[in-house]
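The values are calculated or read from the model by the stated rules, or taken from the named source; none is laboratory data. Given the structure is predicted, the values throughout are model-derived calculations rather than measurements. Ideal geometry is used to build each Cβ from the backbone, glycine not excepted, and the neighbour counts take in all protein chains shown.
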Amino acid sequence: MKNKITVTGANILFFIFVMLFLVFQIVLVVLSIIYGADYIDRNIYPVLLVNQYVLILIPVLVFMRAGNYSFKEVFRINSPGILPGILIVFCSLVAYPIANFINCVVVYLLQFIGKIPAQPIPVPQNYTELAVGILIVAVSPAICEEMLHRGVLLKAYENRGSIKAVFITSVIFGFFHFDITNFFGPIFLGILIGYYVIRTNSIFAGMLAHFINNAFAEVLQYLARNDVPAEKTITIQLPELGEAAVAGAVGMLILWVLLIAFKHVTKERAVLKPSIAGVKEDVISVVSHWPIIVVLVFYLLLGGLTILSMMLEK
């Protein structure tokens, strides 16, 4: 008989990932000292693959095996349906400018504190590099990150209610990125992706949405490869923020219509668990658990160091 997954077990799994991530960052710092400051930039794809498959997927699989949990139940291995899948694709495309606007607001405000370092993701220069980029930046996270967040974590927290589980795991998804400039955008996308999963009862819905979002970003980088000069820092001018706001507003309007249609076509698939407590009780329950406390402290320390380094570079 298979065991039921618990919030405690899921939180400990996420804690293990954070500790592995911390150790890996220390290793990368040592390698950068030995082989040069640009070591990570030169090896960004191998670094990303280690992040996905070694730090995330392997612990998830070991956790599932050791706990004797049902893969089909935890990961909701069901078909999301053709029509819901099509709507998810369109929802993901119009959700991208919304998340982008959210992140642009954060970057716009933070740049007054200091210089914001650019992410070292390579810009594809040809179709081969684009294909490789999509495999690493889109396919791998769609599999590994979804198995952790919309698989183990969502299933565990769903005991507190399906909708609340979506919001809780989305906040964890924001912390998961360990990037103050990319915190609120992932929370927004996490809410949408979690909603797709519980409405279709299929993790493949989350994998599809995650893939579309990341692949779309990679394609946009490729299309703009000759128009945007390579920069070591990120800056957002007020006109750019305005353009992002308009795109985000249009995207929000279209997304709202699409989500109405999505809710309609998934009404026979969705099985939502009711909430067992109030919001206050949920917040206390989540933030008072020691793995989450440690993760919050680590994130705040990392965020503080990031802001301090930005101020020193100003």
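Quick notes
- Of all residues in region 1-42, those satisfying the criterion of being surrounded by fewer than 16 Cβ atoms within 10 Å (Cβ to Cβ) and not in a helix (DSSP H, G or I) are Met1, Lys2, Asn3, Lys4, Thr6, Gly36, Ala37, Asp38.
- Scope region 262-282; condition of a type in the set (A, V, I, L, M), part of a helix (DSSP H, G or I) and at pLDDT 80 or above; matching residues: Val265
- Of the numbered criteria (1) of a type outside the set (Ser, Thr, Tyr); (2) surrounded by 15 or more Cβ atoms within 10 Å (Cβ to Cβ); (3) closer than 30 Å to Ala118 by Cβ; (4) modelled with pLDDT under 95, the one Glu313 fails is (2).
- For region 168-183, a residue qualifies if it is in contact with a Gly (Cβ under 7 Å, 6 or more places away or on another chain), of a type in the set (Val, Ile, Thr) and under 20 Å from Gln52 (Cβ atoms), and exactly one does: Thr169.
- Listed by first and then second residue, the pairs with beta-carbon distance under 6 Å, at least 6 apart or on different chains, first residue in region 68-84 and touching a residue at least 40 places away in the same chain (Cβ under 8 Å) and basic (Lys, Arg), second buried (at least 21 other Cβ atoms within 10 Å of the Cβ) and assigned to a loop (DSSP other than H, G, I, E, B), are Arg76/Ser202.
- Candidates are the residues of region 256-295 that are among the basic types (Lys, Arg) and either in contact with a Phe, Trp or Tyr (Cβ under 7 Å, 6 or more places away or on another chain) or loosely packed, with under 11 Cβ neighbours inside 10 Å (or both); the one that is farthest from Ser79 (Cα to Cα) is Lys280.
Per-residue answers, yes or no, for (1) outside any helix (DSSP H, G or I); (2) buried (at least 19 other Cβ atoms within 10 Å of the Cβ); (3) of a type in the set (Phe, Trp, Tyr); (4) in contact with a strand residue (DSSP E or B) (Cβ under 7 Å, 6 or more places away or on another chain):
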position: Glu146; (1), (2), (3), (4): no, yes, no, no
position: Leu189; (1), (2), (3), (4): no, yes, no, no
position: Tyr195; (1), (2), (3), (4): no, yes, yes, no
position: Ala205; (1), (2), (3), (4): no, yes, no, no
position: Ala209; (1), (2), (3), (4): no, yes, no, no
position: Tyr222; (1), (2), (3), (4): no, no, yes, no
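- Pick from region 117-144, criterion over 30 Å from Leu312 (Cα atoms) and among the β-branched types (Val, Ile, Thr), ranking: surrounded by the most Cβ atoms within 10 Å (Cβ to Cβ): Val137
- Helices (runs of 4 or more DSSP H) fully within region 44-138 that include at least 1 residues being within 30 Å of Pro239 (Cβ to Cβ), over 19 Å from the mean Cα position of the chain (by Cα) and not aliphatic (A, V, I, L, M): 82-110.
- Of Leu253, Leu301, all but one fail to be free of Cβ contacts under 8 Å to residues at least 60 places away in the same chain and under 22 Å from the mean Cα position of the chain (by Cα); the exception is Leu301.
- Matching residues, region 296-310, being β-branched (Val, Ile, Thr) and either surrounded by fewer than 11 Cβ atoms within 10 Å (Cβ to Cβ) or within 14 Å of Val171 (Cβ to Cβ) (or both): Val297
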